[in-house]
Amino acid sequence: MSLFHLGLIINPLAGLGGPAALKGSDGVAAEALALGATPRAAERTRIALECLRPVASRLQFLTFAGPMGADLLAELGYAHRVVGSAGDGPTCAEHTRQAVQLLQEAGCALILFAGGDGTARDVCSAAREDQPVLGIPAGVKIHSGVYAISPRAAGEMARRLVEGGLVRLASGEVRDIDEAALREGKVSARWYGELCVPVEGEFMQHVKQAGMESEELVLVDLADWLQESWEDGVRYVFGPGSTLHGLAANLGLETTLLGVDVIENGVVIARDVTEAQLFELVDRQPTRLLVTAIGGQGHIIGRGNQQISPRVLRAIGLEHLRVVATKRKLATLEGRPLLVDSGDPALDESFPDALRVWAGYKEELLYPLGWGGQNT
């Protein structure tokens, strides 16, 4: 039986800026490491590769040396061939582009790559129009439609392909935002091109969509409701996004648009916290967590809010999580479920099948929830 050749590229620096509250990792990897962030891309890739165990005997991976793929494949025992190396220094965008060129020249049926929108841009700049690729989400911001909804979904998609299942191919948009502007609270997204990706609705992420309406009146109503229900001595964690930022503004609170903030007794006690700072603030403290859904995608955990890590979620308790989203925002999901991708599959699986969503003044909706290990 001939071997199925899969390419693998890991951006070892992807996702470092999330737990450190840096709104991305482009150009700030050293700063993130100094703040105590730990590389996570390899662990996200490990989750995807574990799904390929049943077809391991039929696979040969082609990859780059060291942390860009070979180290993890050797650890997991997968047959692989190294086609290039980034050398002894830190990896960079040029290494990703070189890897794409070498892998497609070697005839990879599919190139798996782990990273965020910056990595997708690098892949897009080097990949041929007809080269199938598939992203394993490992970055802080993931607006592009070339990523699976979770690492496990990426692995399941690749396994389906190896097993001979029918997998449609289509064009996926590559989008990225200016991280320097993002750190100043400005969101400026650009289209950078398209990649050939396998498409199955339950596995692939949709392109992030901007809001379709002014939420001003709804946020006023929600602020009134929340103000009536504040609990003394309880800490409220506000996740990132314009919905929660607007909600806080209607409460007279100054929060960060794209950061995570903590409020107690009607006062902001910590702004734009890191994952470590957030854990200290919520550990063994009565806490409520408010997050919103990304319009068009549905992610509530694991996209742009990596400060809300698995240990933070466990410390707060899933029963104390509330989603804040207007009915118009939920309508952009077109019936698809909300999604969680915390990086901890066991935790993701422990979420309930549906979540309570605050949609207006004393108006709660029950909305279905999915995670990357399910056929959603």
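The values are calculated or read from the model by the stated rules, or taken from the named source; none is laboratory data. Predicted, not measured: the structure shown is a model, and the values here were computed from it. No Cβ is skipped: glycine too gets one built from the backbone with ideal geometry, and neighbour counts run over all protein chains shown.
For segment 236-246, the condition holds for no residue, the condition being that it is of a type in the set (A, V, I, L, M, F, W, C), assigned by TED's automatic domain parsing to the domain that holds GLY360 and either in a loop (DSSP other than H, G, I, E, B) or surrounded by fewer than 17 Cβ atoms within 10 Å (Cβ to Cβ) (or both).
Looking only at residues that are polar (S, T, N, Q) and more than 23 Å from the chain's Cα centre (by Cα) in segment 94-139, which one is farthest from ARG159 (Cα to Cα)? Looking at the filtered set, the residue picked out is GLN98. Taking segment 241-270 as the range and being closer than 15 Å to VAL324 by Cβ and of a type outside the set (A, V, I, L, M) as the test, the residues that pass are GLY241, SER242, THR243, HIS245, GLY246, ASN250, THR255, ASP261.
Being closer than 30 Å to GLU216 by Cα and in a loop (DSSP other than H, G, I, E, B) is a description that applies to GLN297.
Tell me, yes or no, whether segment 335-355 has at least one residue that is within 30 Å of VAL220 (Cβ to Cβ), over 18 Å from the mean Cα position of the chain (by Cα) and of a type in the set (Val, Ile, Thr). Within segment 335-355, not a single residue is within 30 Å of VAL220 (Cβ to Cβ), over 18 Å from the mean Cα position of the chain (by Cα) and of a type in the set (Val, Ile, Thr). For segment 275-303, residues that are surrounded by fewer than 23 Cβ atoms within 10 Å (Cβ to Cβ) and among the small types (Gly, Ala, Ser) total 2. The one condition from (1) at pLDDT below 95; (2) buried (at least 21 other Cβ atoms within 10 Å of the Cβ); (3) of a type in the set (A, V, I, L, M) that ALA99 does not meet is (1). Within segment 40-59, does at least one residue satisfy the condition of being surrounded by fewer than 24 Cβ atoms within 10 Å (Cβ to Cβ), under 21 Å from the mean Cα position of the chain (by Cα), modelled with pLDDT under 90 and not assigned by TED's automatic domain parsing to the domain that holds ARG303? The answer is yes; a qualifying residue exists. The single condition from (1) in contact with an Asp or Glu (Cβ under 9 Å, 6 or more places away or on another chain); (2) part of a loop (DSSP other than H, G, I, E, B); (3) modelled with pLDDT of 90 or more that GLY145 fails is (3). If only residues of segment 308-328 that are touching a strand residue (DSSP E or B) at 6+ places or on another chain (Cβ under 9 Å) and of a type in the set (D, E, K, R) are counted, the one that is modelled with the highest pLDDT is ARG322.
Taking every residue in segment 88-103 that is farther than 20 Å from ARG128 by Cα and pairing it with any residue that is surrounded by fewer than 18 Cβ atoms within 10 Å (Cβ to Cβ) and not aliphatic (A, V, I, L, M), at least 6 positions away or on another chain, yields no pair with a Cβ-Cβ distance below 8 Å. For segment 319-361, a tally of residues being surrounded by fewer than 20 Cβ atoms within 10 Å (Cβ to Cβ), within 16 Å of SER309 (Cα to Cα) and aliphatic (A, V, I, L, M) returns 2. In summary, ARG288 fulfils each of the numbered conditions (1) among the charged types (D, E, K, R); (2) over 24 Å from THR255 (Cα atoms); (3) not in a helix (DSSP H, G or I) with the single exception of condition (2).
Of the residues making up segment 95-138, those that are farther than 15 Å from PHE64 by Cα and acidic (Asp, Glu) are ASP117, ASP122, GLU129, ASP130. Flag: GLU319 does not match the condition of being assigned to a loop (DSSP other than H, G, I, E, B), of a type outside the set (A, V, I, L, M) and without any contact (Cβ under 8 Å) to a residue 24 or more places away in the chain.
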